[in-house]
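K.L.:
Okay, here's the structure, questions in a sec.
All of the numbers you see were taken from the coordinates with simple rules; none came from a lab. Bear in mind the structure is a predicted one, so any value in this text is a computation, not a measurement. All Cβ positions, glycine included, derive from the backbone under ideal geometry; neighbour counts span all protein chains shown.
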Amino acid sequence: MALQQQLTEQGFAIVPNRLDSGQIATLRQLLTQPPDHKPVPGIRGLLDKYPLLRQLANSPAIRELVEPILGPDAAIIRSVFFNKSPTTNWQVAWHQDLAIAVKAQHEVAGFSGWSCKETIPYMQPPVAILQTLLTVRIHLDAADDSNGALWVVPGSHTLGRLPAQQAASVAKARGKQLCAVQAGDVMLFRPLLLHASKKAVSDCQRRVIHLEFSATPLPEPLVWAEWGI
């Protein structure tokens, strides 16, 4: 099934071997924390902290996946590094990615549920905006159910915004799929796709560079958190 067709019908796609072993080794080294550093589960604002990742996000390996979906104006709006390991371990229940990050809080009709994470304002936009976004996950490690690979509900991105309390029952009714990956694979998905992950039960790390793209500016005066970086 073609990539665009799979995203349209299933809400996700996995592209194997998108980055080679040399690129993966470089990224692992870049994001490895010093031994005396307190382990953290994630790092926000990657592109501002690591210029090499800005180059990666704008490289042909990534742009050739994103542009056929969103067009040539697609730009990064948020970047996060997730590091699930024996010392930074968590589970995530069935959910949709309903919140977006912006540079500053402004009250605009249709945008609600404001919160703040590490000084970054977040809120929930209208569904029409969420439907235009694309998430790209670059996997630095092999992942399966033992170290917290994503589970997804194929096609659930077409259901619109779901009440949180219905997520688990929808997943049970529609069926779930494990997204096992190898290091160097890239996963694309729509934010409205129901997804979840279990706690890791192995000693293997699950490191992921998580990039969110949009081709459309937000209504003024709102601005995507990493727009233009």
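K.L.:
Taking 1 over the mean of 1/r across every pair of different Cα atoms in the chain, what Kirkwood radius in Å do you get?
P.N.:
18.1
K.L.:
Given 0.36 nm per residue, what is the gain on full extension from ALA168 to THR8 after removing their alpha carbon distance, in nm?
P.N.:
Full extension from ALA168 to THR8 adds 55.4 nm.
K.L.:
Okay, next question. Which residue, chosen from CYS179, GLN6, GLN165, occupies the Cα position most advanced towards the positive end of the dipole of the chain, where the dipole is computed from +1 (Lys, Arg) and -1 (Asp, Glu) charges on Cβ about the Cα centre?
P.N.:
Positive-end residue among those listed: GLN165.
K.L.:
Under a Cβ-only charge scheme (Lys and Arg +1, Asp and Glu -1), can you give me the dipole magnitude of the chain about the Cα centre, in debye to the nearest 20?
P.N.:
500
K.L.:
Could you give the nm distance between label points at ASN89 and ALA142, where each point is 7 Å from its Cα heading toward the beta carbon?
P.N.:
2.0
K.L.:
What ranking do LEU30, LEU130 get, fewest neighbouring Cβ atoms within 10 angstrom at the top?
P.N.:
Exposure proxy ranking, most exposed first: LEU30, LEU130.
K.L.:
Then there is this: Give the range of the longest stretch in the chain that excludes all trypsin sites (Lys or Arg not before Pro) found in loop regions by DSSP and having at most 14 other beta-carbon atoms within 10 Å.
P.N.:
Of all site-free stretches, the longest is 1-160.
K.L.:
Convert each backbone phi in region 52-69 into a coupling constant with the Karplus relation 6.51 cos²θ - 1.76 cosθ + 1.60 (shift: θ = phi - 60°), then list the ³J(HN,Hα) values in order as whole Hz, x for Gly and Pro.
P.N.:
4, 6, 5, 4, 4, 4, 9, 7, x, 4, 9, 4, 5, 8, 7, 5, x, 8
K.L.:
Kindly state, to the nearest 0.05, the FRET efficiency for GLN105 paired with ASP73, given R0 = 25 Å and r defined as their beta-carbon distance.
P.N.:
For GLN105 and ASP73, the calculated efficiency is 0.50.
K.L.:
So, one more: Compute the distance in nm between two label points, each set 7 Å from the Cα along the Cα-to-Cβ direction, one at GLN55 and one at THR26.
P.N.:
The modelled label-to-label distance comes out at 0.5 nm.
K.L.:
If you don't mind, another one. In a Debye calculation with equal point scatterers on the alpha-carbon sites of region 122-229 and no solvent, what is log10 I(q)/I(0) at q = 0.11, 0.16, 0.17, 0.23 Å⁻¹?
P.N.:
The computed values of log10 I(q)/I(0) come out as -0.42, -0.85, -0.93, -1.28.
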